[in-house]
Amino acid sequence: MSKLFSYDGPVVAIIEGFAHLVALNLITMALCIPVITGGAALTALHYSVLHIVRGEEGHIYRDYFRQFKANFKWATLLWLPMLLMGAFIIFDIWLIRTNPDAFPSALRIVFGAGFIIISMVLVWIFPLLCHFAYDSVGTYIHNAILISLANLPRTIAMLIISILPFLAIYRAPYKSLAWLFILGIAGPAWLKAWLYSSAFRKYEPKEEEDDEAASPEEDGEQEE
């Protein structure tokens, strides 16, 4: 029992992990308020929760702000166009729902497919940005599409996790405010990190084997 509640025991670790997620949630919410900084904030959040899931957390908050600064340019270049496209498609879907006879079925299918593709890219793009270094925005989007299709069950699960907070707010906006401030952003990000962490390992560079194991052994003594 004493080990259970000791400083390095599981109970303290759970409480400490929960406190870190709440703090990361509040920081991310604050940095998302200007909207333009939302991409960098989400990238830094995914960096932090991925390292928490892998048990590699060091200076969590210092690393969060370091990643926020380091990835700001790429994150913003990815965030703003996708935000605008998503808003445009959501607005069009709303128009279709309110005026169903004004839009042909083919157009509804196009907007629905576009919304799904953007959603699939969004759940992978910022985890990719925080973990892999590519040379262009197009490469990030291209790889996000490929990895989302290659890991379709994970993608579906990540989409469901992403939608749940919005669904809760829609169904009970006032009751969901407490949840939103406590774990509304960091909680789903942490759950998704459990899903994409193992998927990322397939694309991470493998550690090089020791040269000594591959090189031939030298003769210990020369024959006289």
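The values are calculated or read from the model by the stated rules, or taken from the named source; none is laboratory data. Note that the structure is a prediction, hence the values are computed from the model and not measured. Just the protein is used for accessible areas: all its heavy atoms, side chains included, with ligands, DNA and RNA removed. Shrake-Rupley method; radii C 1.70, N 1.55, O 1.52, S 1.80 Å.
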Which of L149, L26 is most accessible, then next, and so on - probe 1.4 Å: L149, L26
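Over all directions, what mean area does the Cα convex hull of the chain project, stated in square nanometres?
Details: hull surface 83.1 nm².
If I average the Cα hull's projected area over directions, I get 20.8 nm².
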Top of W190, W94, W179 by mean-square fluctuation, Gaussian network on the chain, Cα under 10 Å: W94
Phi-based couplings in Hz for the stretch 164-174 (Karplus 6.51, -1.76, 1.60; Gly and Pro marked x): 3, x, 5, 5, 5, 5, 5, 6, 9, x, 6
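Report, to the nearest whole %, how much of the accessible area of the stretch 12-127 belongs to carbon and sulfur atoms, 1.4 Å probe, protein only.
75
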Rounded to the nearest 10 Å², the accessible area of R201 at probe 1.4 Å: 130
Most mobile of S197, S162, S136 in a GNM of the chain (Cα contacts under 10 Å): S136
Spatial extent of the stretch 1-124: Rg and Dmax, with the Cα atoms as the point set, Å: 20.1, 68
